[in-house]
Amino acid sequence: MGAACAYYCATAGLRVSVVERGAIGSGTTSACEGNILVSDKEPGPELDLALLSSRLWRRIGEELVRSTIEYEAKGGVVVAGSPDSADGLRHLTAGQRTTGVDAVDIGPDELFELEPNVTRQAVGGAFYAQDAQVQPVLATAQLLRRARMLGATVHPGTGVTGFVRDGQGAVTGVRTDSADTPVLYAQWVINAAGTWAGQLSELAGAPVPVLPRKGFILVTEPLPRVVRHKVYTAEYVANVASSDAGLETSVVVEGTRAGTVLIGASRERVGFDRSISLPVLRKLAAQAIGVFPFLADVSLLRTYLGFRPYCPDHLPVIGPDPRAPGLLHACGHEGAGIGLAGATGHLLAQHLSGEKPDLDLTPFRPDRFEEATP
Amino acid sequence: MTTSRAERPAALYDIAVLGGGPAGLSAAVAAAAQGSRTVLIDAGPRPGGQYWRHRDGDDGALHHGWSQFRRLRQELAAHPLLDHRAGHSIWHVERTDEGFTTHTTHTGHTSRDGIPRALRSRTVIVATGAYDRQLPFPGWTIPGVFTAGAVQALLKGQGVLAGKRIAVAGTGPFLLPVAAGLVGAGATVVGVFEAGLPTAFGRHPVAALRNLPKLAEGAGYLRTLLKHRVPYRTRTAVIAAHGTDTVTGVTVARLDDQWRIVAGGTREIDCDTVAVGYGFTPQTEIPLQLGCEMMLDADGSLIARVDSRQRSTVDGVYVAGEACGVGGAQLSLIEGELAGLHAAYASNGPSVDRGRLARLVRQRAAQRAFAAAMHQAYPVPDGWQTWLEKDTTVCRCEEVSAGAIREAVDDLGATDPRAVKLYARPGMGLCQGRVCGYATTCLVARANHRQPTADDLRGMAARPVAQPVTLGALAAGADDNGS
């Protein structure tokens, strides 16, 4: 998210410094799948953002050369396991089509043609041509590389410890834990601290409620191209939008360029607990086998976990914060951070260059949570 | 979803010993003898680990300490409180309310699939040993280039010679028994090429005196080599292997004290096999899974931190042998026995044998001093990095070259090995960085103008799934009541 903001701001001619606590892309970026999806969102402001972002990522892919960020317009396939879920899915796709999503309802024959190894229990589904994927860490590094070429500076291993304010209370920079750059002055500061953006916003005295939602991904041994698209079940959409605190799992399966198959997705609200939970891994494995039976004989090579940055209303926080002039937010994108990064960076750069943003930022405004809780 | 193959974890053991090499055997036997219900879990079909790898009916002629092994093996088979689970590959150890559940796949002789088995215990003793530390060099991926350990394992375990004309290269005392074993079995060893200059050992007279048997052992190997006219060259390394389908020869070079190639000191030698070892890398997946505090050892390895009782920083987790510091079989036996005794005392509270403990602690101190002197005598300076070409493979699973690693640092701004792993994929393949983790760490650290740290190594060594397990086996465990 920070890299996309830096890339678009640098492209717009702004002078940019990126401050990163760890290594580049070492936060949630390193623990996600790099999805650029329109399929998993219901009509509304987030879907508008996703549609814009999907177009922008295609453009980024062309500018940075697709292969350097492993951009793949692979398309998404949603599998319905029962007539009921097929009905629900058709309802969703009908709504999505009205907003410009290329969603096609498919029967079992088309499904088996798109995904020959999918379970024969499936009754149909939907195909989304716009769904794409990048290798998230590479995409981040390449965006920053391009930003550096445009004059941006990048400070890895540098944590923000506080904000600098002027006499009127406006944010004019950040203090860091680095001896080389203890203070960085700036006209604007963008909070793109991912799952830790909530903590950072408190440091700025303009809190936004960004909280961690833990997820695991299973990675298999390298295989030939046995899973062709991003494949998930109709229940996934419901889970993405849910606010349940307990464990939720739904199947998301996809192949990668390296040949490994990635299996998600679990959602748990357990704070920043980094421990491995075998019951969750087992459930993910069992559900993936349910969709792709051949996976039962495939070896699990590794697993990783990460924390999605979510807000209580499941919408990201994008735009200037009226409570702290000079501070902008680009956070709270939950599991769609990579996908929505393109649009978020682009819209913020438009705002900072004095242009009218392509999308209305009102639904994403940072102070909306205070209005909601009397 | 299949749940029929689920195995309900059996009884709760007092102690699970993970690994059946010298440290694990010694720990399990000591613990059971104190009255602890103990299980020894090991991937191998027979006990003994890498050090005592043997065949059925083996007379032990190729082994050191065979009588020690026979005693331990007999105790293992006979003690009523001690169960041996052979053929169990551990892929994850889970903390539970009652202690730990060790998740394994059991490899039977009939089925290709691993059958999931979970073993519950109050305490675990991690004795997972070490494997050869490898450094890449041009041609090291050509068939015919083996690790020194693999060549020895082939000989000890199958009675098979890896080749006819063999070059033995690397650093450390382990090269000597490997070469001596090969000539003893009838191979031609074209030379032992020791990159170091092991003279620093003379500066540790006390460590040396206390370990006369070990020095005598080394001298014995040297005599064998001399008898067979095998050249032993120090400050010399195999810097390249040649051939396409198989090794046809190597380039051997004289090195300076930083292991840079000395101009004019290279020559070609014909051979069909190369056995290479640059020390050992401890297997630390399980301590890392359990959240044990780790540290950098004198030999540059990541190891688990232990206290005087072989306890890690996590309650109920003991570590013995190479996983808490590479030091050889004798040290492993002592640490194993100490870990077994202390774990038994802690779980069953039998009366403590202070005399025995005091003797073991003294022996451990002597062995550790010896190990420290060895690490100092056989350092691995980073001049080996100059042997690499841009296109030299570093990670063979994912075919990542030294140049690609360099680009990840120079062009993409990677500051640590984990970032390089994410950008360029070294360590992402089937072996999960076991082979290239150390080399990648050193390459990235140097490219960033610094020394490797424990955190760097951890980034390449953390493996939540220690051994591949099928998704079917993983899913089938869903009904385990222990988790």
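The values are calculated or read from the model by the stated rules, or taken from the named source; none is laboratory data. Only a predicted model underlies this, so the values are computations on that prediction, with no experimental measurement involved. Here the Cβ positions follow ideal geometry from the backbone for every residue, glycine too, while neighbour counts run over all protein chains shown.
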Q: Give A:Pro320, A:Pro357, A:Pro316, A:Pro366 a once-over and let me know the one that is in contact with an Asp or Glu (Cβ under 7 Å, 6 or more places away or on another chain), away from chain B (no Cβ under 14 Å), within 22 Å of A:Pro45 (Cβ to Cβ) and not hydroxyl-bearing (Ser, Thr, Tyr).
A: A:Pro366
**Q.** Within segment B:59-95, tally of residues that are outside any strand (DSSP E or B) and of a type outside the set (Ser, Thr, Tyr)
**A.** 24
Q. Could you say whether any residue in segment B:466-478 is farther than 23 Å from B:Thr147 by Cβ, more than 7 Å from chain A (Cβ to nearest Cβ) and in a helix (DSSP H, G or I)?
A. yes
(Q) Can you find a residue that is touching a residue at least 12 places away in the same chain (Cβ under 8 Å) and more than 24 Å from A:Leu281 (Cβ to Cβ) anywhere in segment B:90-105? (A) no
(Q) in a helix (DSSP H, G or I), at the interface with chain A (Cβ under 10 Å from one of its Cβ atoms), in contact with a Lys or Arg (Cβ under 9 Å, 6 or more places away or on another chain) and within 21 Å of B:Thr284 (Cα to Cα): is that true of B:Arg463 in this structure? (A) no
Q) Among the residues of segment A:156-178, is any touching a strand residue (DSSP E or B) at 6+ places or on another chain (Cβ under 7 Å), within 14 Å of chain B (Cβ to nearest Cβ) and free of Cβ contacts under 8 Å to residues at least 24 places away in the same chain? A) yes
Q. Would you call B:Gly157 within 23 Å of B:Thr281 (Cβ to Cβ) and surrounded by fewer than 22 Cβ atoms within 10 Å (Cβ to Cβ)?
A. yes
Q) Where in segment B:132-200 are there strands (runs of 3 or more DSSP E), lying wholly inside it, with at least 3 residues that are free of Cβ contacts under 8 Å to residues at least 24 places away in the same chain, in contact with a helix residue (DSSP H, G or I) (Cβ under 8 Å, 6 or more places away or on another chain) and of a type outside the set (S, T, N, Q)? A) none
Q. What number of residues within segment A:252-303 satisfy the criterion of being surrounded by fewer than 23 Cβ atoms within 10 Å (Cβ to Cβ), of a type in the set (D, E, K, R), touching a residue at least 60 places away in the same chain (Cβ under 8 Å) and farther than 26 Å from B:Ala118 by Cβ?
A. 1
Q | Residue count, segment A:224-252 (criterion: more than 20 Å from A:Ala132 (Cα to Cα) and at pLDDT 90 or above) | A | 0
Q. Regarding A:Ala265, is this residue within 9 Å of another protein chain (Cβ to nearest Cβ), of a type in the set (A, V, I, L, M) and out of contact with any helix residue (DSSP H, G or I) (no Cβ under 6 Å at 6 or more places or on another chain)?
A. no
(Q) Let me spell it out: the conditions are (1) at pLDDT 95 or above; (2) surrounded by 14 or more Cβ atoms within 10 Å (Cβ to Cβ), and B:Thr224 meets all of them except one. Which number is the exception? (A) (1)
Q) If you go through segment B:278-299 one residue at a time, do you hit one that is within 24 Å of B:Phe174 (Cβ to Cβ), among the small types (Gly, Ala, Ser) and touching a helix residue (DSSP H, G or I) at 6+ places or on another chain (Cβ under 9 Å)? A) yes
Q: Six or more apart or on different chains, Cβ under 8 Å: which pairs go from a residue in segment B:215-241 that's in contact (Cβ under 8 Å) with a residue 40 or more places away in the chain to one that's buried (at least 16 other Cβ atoms within 10 Å of the Cβ) and basic (Lys, Arg)? Could you list them?
A: B:Arg235/B:Arg254; B:Thr236/B:Arg254
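One line per residue, one yes/no per condition, for (1) in contact (Cβ under 8 Å) with a residue 12 or more places away in the chain; (2) buried (at least 21 other Cβ atoms within 10 Å of the Cβ); (3) farther than 18 Å from A:His229 by Cα; (4) not assigned by TED's automatic domain parsing to the domain that holds A:Arg145:
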| residue | (1), (2), (3), (4) |
| --- | --- |
| A:Val18 | yes, yes, yes, no |
| A:Ile24 | yes, yes, yes, no |
| A:Ser30 | yes, no, yes, no |
| A:Leu37 | yes, yes, no, no |
| A:Asp40 | yes, yes, no, no |
| A:Arg58 | yes, no, no, no |
| A:Glu62 | no, no, yes, no |
Q.
Restricting to segment B:21-46, name every residue that is surrounded by fewer than 23 Cβ atoms within 10 Å (Cβ to Cβ) and either assigned to a helix (DSSP H, G or I) or without any contact (Cβ under 8 Å) to a residue 60 or more places away in the chain (or both).
A. B:Ala33, B:Arg37, B:Gly44, B:Pro45, B:Arg46
Q.
Between A:Ala258, A:Ala285, which is within 7 Å of another protein chain (Cβ to nearest Cβ) and out of contact with any Pro (no Cβ under 9 Å at 6 or more places or on another chain)?
A. A:Ala285
Q. Limited to segment A:28-67, what total is found for residues that are out of contact with any strand residue (DSSP E or B) (no Cβ under 8 Å at 6 or more places or on another chain) and either part of a loop (DSSP other than H, G, I, E, B) or of a type in the set (S, T, N, Q) (or both)?
A. 8
Q: Mind listing whichever residues of segment A:291-305 are more than 7 Å from chain B (Cβ to nearest Cβ) and farther than 26 Å from A:Ser82 by Cα?
A: A:Tyr304, A:Leu305
Q. Within the bounds of segment A:129-138, is there any residue that is surrounded by fewer than 22 Cβ atoms within 10 Å (Cβ to Cβ), in a loop (DSSP other than H, G, I, E, B) and either more than 14 Å from chain B (Cβ to nearest Cβ) or over 16 Å from the mean Cα position of the chain (by Cα) (or both)?
A. yes
Q) So which of B:Tyr278, B:Tyr318 is closer than 25 Å to B:Val145 by Cβ, at pLDDT 95 or above and touching a Lys or Arg at 6+ places or on another chain (Cβ under 8 Å)? A) B:Tyr278
**Q.** Any hit, segment A:69-88, residues being closer than 24 Å to A:Leu348 by Cβ and among the small types (Gly, Ala, Ser)
**A.** no
Q. In the list B:Ala419, B:Ala358, B:Ala424, B:Ala402, which residue meets the criterion of being in contact with a Ser or Thr (Cβ under 8 Å, 6 or more places away or on another chain), of a type outside the set (Ser, Thr, Tyr), more than 25 Å from B:Gly172 (Cβ to Cβ) and not assigned by TED's automatic domain parsing to the domain that holds B:Val306?
A. B:Ala419
Q.
Let me confirm something: among B:Thr123, B:Thr105, which residue is within 18 Å of B:Gly336 (Cβ to Cβ) and not assigned by TED's automatic domain parsing to the domain that holds B:Gly159?
A. B:Thr123
